[in-house]
Amino acid sequence: MATIRMWAAAILALAPAIAFGEDAADLMKQIVNDPGAPEVNGAKASLVSDPNVQGGKALRVAVPKKGTNPWDSTVGGAIKKPIASGDHLVLVFSARLETGENGATTATLPYNAVQIAAAPYSTVMSDAAEIGPEWKDFQITGTSNGNYKPGDLKVTVQLATAKQTVDFGPIVVLDRGK
């Protein structure tokens, strides 16, 4: 429960960038994933204290090696609410490169997306993100191309572009309606 409260506080810290004057209760109703329970695949993750990220805690993801595919290591999770065709979606997250391969100080997160959660894994919306040693906030927007039931979609950030350690603040997907 403390983790969920911590992520909720962090989400609200992002509110000025995405809510444009909406109150916190309205913003919280728009969240369609569970930012307090990210899924990490193909990497090791831990929570670390960091006063420079919203909420004061970061999810540190250690990618063991460059994958055959960038999706060999990911962080994300299920979209737990229904999404209607034409809904405006916003993926919001903060990230930074803690350790890059061979001393790299920047890295590209090539695919930060909302996508179908099963084959053929079609993309609903995505964009790349360039990270460095300082925290940076990202917003990726798109429009739903269909009607989806809870669990049909997922948010995913692909990380296996190098052996690296990446820190994340909360990863949030908002459904802003039509």
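The values are calculated or read from the model by the stated rules, or taken from the named source; none is laboratory data. Bear in mind that the values here come from a model prediction, so they are computed numbers and not experimental data. Glycine also receives a Cβ, built like all others from the backbone with ideal geometry; neighbour counts cover every protein chain displayed. Each accessible area value is taken on the protein alone, full model and side chains, heavy atoms only, with ligands, DNA and RNA left out. Shrake-Rupley method; radii C 1.70, N 1.55, O 1.52, S 1.80 Å.
Computed about the Cα centre, the dipole magnitude for the chain is approximately 380 debye when only Lys and Arg (+1) and Asp and Glu (-1) carry charge, each at its Cβ. Normalised by the number of residues in segment 14-145, the average gap of Cα pairs under 8 Å and 6 or more apart makes the relative contact order 22 percent. Report the one residue of Ala128, Ala43, Val92 whose Cα lies farthest in the direction of the positive end of the charge dipole of the chain (charges on C-beta: Lys and Arg +1, Asp and Glu -1; origin at the Cα centre). The one lying farthest along the dipole's positive direction is Ala43. Rolling a 1.4 Å probe over the heavy atoms of the protein chains gives segment 98-178 an accessible area of 45 Å² per residue.
Counted without the sites themselves, the longest stretch of the chain free of GluC sites (Glu not before Pro) in a DSSP loop having at most 16 other beta carbon atoms within 10 Å is 23-133. Per atom type, the chain shows carbon and sulfur on 53% of its accessible surface, probed at 1.4 Å. Ranked by the mean number of other Cβ atoms within 10 Å per residue, highest first, peptides 140-148, 167-175 order as 167-175, 140-148.
In loop segments of segment 24-114 as defined by DSSP, the trypsin sites (Lys or Arg not before Pro) with at most 16 further C-beta atoms inside 10 Å of their C-beta are Lys65, Lys66, Lys80. Using the Cβ-Cβ distance between Asp137 and Lys65 with R0 set to 35 Å, the FRET efficiency from 1/(1 + (r/R0)^6) comes to roughly 0.80. Modelled this way, with points 7 Å down the Cα-to-C-beta line, the labels at Ala128 and His88 are 2.7 nm from one another. Helical content alone sets the calculated 222 nm signal of the chain at -4000 deg cm²/dmol, taking -39,500 (n - 2.57) per DSSP H segment of four or more residues and averaging over every residue. A crude spin-label estimate for the pair Leu47 and Thr105, with each label 7 Å from Cα along the Cβ direction, gives 3.2 nm. Spin-label model, Lys178/Lys80: points 7 Å from Cα along the beta carbon direction are separated by 2.7 nm.
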